[in-house]
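**Q** First, the structure itself, so that you have it in front of you.
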Amino acid sequence: MTTHLQATTTLNNGKAMPWFGIGVFKVEDGPELVDAVKAAVAHGYRSIDTAAIYDNERSVGQAIHEALQKTGLSREDLFVTSKVWNADLGYEATLAAYETSLEKLGLDYLDLYLIHWPVAGKYKDAWRALEALYKAGRVKAIGVSNFQIHHLEDLMKDAEIKPMVNQVELHPRLSQQALRDFCARHDIQIEAWSPLMQGQLLDNPVLQEIGARHGKSIAQVILRWDLQHGIVTIPKSTKAHRIIENASVFDFELTNEEMARIDALNQNLRVGPDPDNFDF
């Protein structure tokens, strides 16, 4: 059981990855982002998730540098993720995109590098580039994002190295049970983006009732549901009090009945693009 903010899962290559992190999707480069990431690290977060397309890697890198100076932590204490964007999928282009992300972040390596979307005809060449980076020791773990079962099956037919992580939209209205089962069978760690459904669940009566029973917010209930299902989660916030509140999920446990009631909220409803119909 995940019992504290720095608890980790072990990926299929032996790399430790925190169960809980901070996401920075739609947060612009600038002081607000720098302050948010620094607040998260100061509070005990050790995982930070960004992407090339977010156009905020420079501020994330600045925040990491300043946070390490302030806290006395070392780079190895943090788990930093970025993703290669669709326009850069291809062997050479992906290798170049990785170098660009490292330069913007001001880092020597990433802990996890992901293919952001499964663009047909392109993701296999990009995966070969990720395998090369991994085998060269340039990145500690590699994975994918927004891959459905058929994408994973197709990728693994030719891959030398199995993905270690699949980061997908996942929340109580989109529980992705079949994909979770597939990834569990293949020892691929599921990670949830938009775990709070971009705020659309914050007035749900079932979640309100469960939260009231535990003296917890709806956000805390959802994030606890993630953890008890073995799902890595990366809620986004720029406000220090919310960053602290989001992580206050290790002092209570949902019952089996409460977990089942939350599971039953699934409607296969997305707030982001459908990977099978996304106009890449």
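**Q** Give the dimensionless ratio obtained when the Cα radius of gyration of the stretch 137-211 is divided by 2.2 N^0.38 Å.
**A** Normalised Rg, Cα atoms only: 1.33.
**Q** While we're here: Using a 1.4 Å probe over the heavy atoms of the protein chains, calculate the carbon and sulfur portion of the accessible area of the stretch 131-280 as a whole percent.
**A** 46 percent
**Q** A follow-up question, please. On full extension of the chain, what length is gained from residue 108 through residue 96, given 0.36 nm per residue of separation minus the C-alpha to C-alpha distance?
**A** Result: 2.9 nm gained on full extension.
**Q** Please report, in cubic angstrom per residue, the volume enclosed by the convex hull of the alpha-carbon atoms of the chain.
**A** Hull volume over Cα atoms, normalised by residue count, gives 120 Å³.
**Q** Of the listed pairs 216/239; 15/124; 104/239; 162/216, which have alpha-carbon separations greater than 28 Å here?
**A** From the list (216/239; 15/124; 104/239; 162/216), the Cα-Cα distance tops 28 Å for 162/216.
**Q** Hey, what number do you get for the chain at 222 nm if only DSSP H runs of n ≥ 4 count, each worth -39500 (n - 2.57), divided across all residues, to the nearest 500?
**A** Value at 222 nm, helices only: -12000 deg cm²/dmol.
**Q** Which GluC sites (Glu not before Pro) from the stretch 146-221 combine a DSSP loop assignment with at most 11 other Cβ atoms within 10 Å?
**A** 160
**Q** Right, here's the next one. How far apart, in nm, are two points set 7 Å out from the Cα along the Cα-to-Cβ line at residue 206 and at residue 185?
**A** About 2.6 nm, to one decimal.
**Q** Write down the accessible area per residue of the chain in Å², having rolled a 1.4 Å probe over the full set of protein chains.
**A** Accessible area per residue: 41 Å².
**Q** With a 10 Å radius around each residue's Cβ, average the other Cβ atoms per peptide and rank 90-102, 51-63, highest first.
**A** 51-63, 90-102
The values are calculated or read from the model by the stated rules, or taken from the named source; none is laboratory data. Predicted model only: the values in this text are computed from it and were never measured. Neighbour counts are summed over all protein chains in view; Cβ atoms, including those assigned to glycine, are modelled from backbone coordinates with ideal geometry. Calculation scope for accessible area: heavy atoms of the full protein, side chains included, ligands and nucleic acids excluded. Shrake-Rupley method; radii C 1.70, N 1.55, O 1.52, S 1.80 Å.
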